[in-house]
Amino acid sequence: MAGESTQPHPHGVATAVVFAWALTAQLTAQAIAASTGHLGLARDPAAIAGRLVAAAFLLALGEGLRRGIAALRLVEAAIVALVTVLGVVSAGLLITGHGDRGLVFSVIIELTFAPWLVWALLSRETATWFAAAGGRARLPAPRTSGRRWMLILAALSVGWGVAVAWSQSL
């Protein structure tokens, strides 16, 4: 029908939430493992506290993205871009024989999901959705709202985060 406007469709919001929450799960798992002397991590209280502070920040970041807070889209894009750069450095270490096999799983994620996610978060349609949502969740992103989707996002996040934490100990 003429004059009818369609709602903008965000790209990558659910993936961005899972990415932030998976990093939360990874850092939390590593903090718990370090405090108990597992996964080859040192029992360094400062490192454990740092992981937990970063995990709390990432948990809040993911929730803010889920709720549509526009400024957090750029924060997440910057963090994920940094993760991509770290992936390139880690890939270089692996190629030159200076990295260990614990990097392989992380590098795959850093060089596949991360660059796509940066592109998705910086897309015009995603920016339009965040501007329209205004952080008030008036326009919930597809696949980020409701009890069922929250459980799915949380399960994916914990699964991926713990898998990465474990893989880095190999």
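The values are calculated or read from the model by the stated rules, or taken from the named source; none is laboratory data. In this text, all values refer to a predicted model and were calculated from it rather than measured experimentally. Every residue, glycine as well, gets a Cβ built from its backbone with ideal geometry; the counts of neighbours run over all protein chains shown. When the accessible area is computed, the model is the full protein with side chains, heavy atoms only, and any ligands, DNA or RNA have been set aside. Shrake-Rupley method; radii C 1.70, N 1.55, O 1.52, S 1.80 Å.
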Of all accessible surface on region 3-162 at a 1.4 Å probe, what whole percent is carbon and sulfur? 69
How big is the dipole moment of region 10-89 about its Cα centre under a simple scheme where the beta carbon of each Lys and Arg is +1, that of each Asp and Glu is -1, and everything else is neutral? Debye, nearest 20, please. 80
How much accessible area per residue does the chain have, in Å², with a 1.4 Å probe? 55
With +1 assigned to the C-beta of every Lys and Arg and -1 to the C-beta of every Asp and Glu, and no other charges, what is the dipole magnitude of the chain about the Cα centre in debye, to the nearest 20? 440
Calculate how steeply helix 104-121 sits against the longest principal axis of the alpha-carbon atoms of the chain, using the helix alpha-carbon long axis, and give the answer as 0 to 90 degrees to the nearest 10. 20
Looking at the square roots a ≥ b ≥ c of the eigenvalues of the Cα gyration tensor of region 39-102, which shape do they give, rounded for a/c under 1.5, prolate if a/b is larger than b/c, or oblate? oblate
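Mind checking region 1-105 for trypsin sites (Lys or Arg not before Pro) that DSSP puts in a loop (not H, G, I, E or B) and that have at most 15 other Cβ atoms within 10 Å?
Here the trypsin sites (Lys or Arg not before Pro) that fit, given the DSSP loop and packing criteria, are Arg43.
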Mind checking which of His38, His98, His11 has the largest fluctuation in a GNM of the chain, springs on alpha carbons under 10 Å? His98
Treating the angle as unsigned and between 0 and 90°, give the value, to the nearest 10°, between the Cα long axis of helix 70-95 and the longest Cα principal axis of the chain. 40
Taking the chain as the reference, fit the longest principal axis to its C-alpha atoms, fit the long axis of helix 124-133 to the helix C-alpha atoms, and give the angle between the two in degrees, 0 to 90, nearest 10. 70
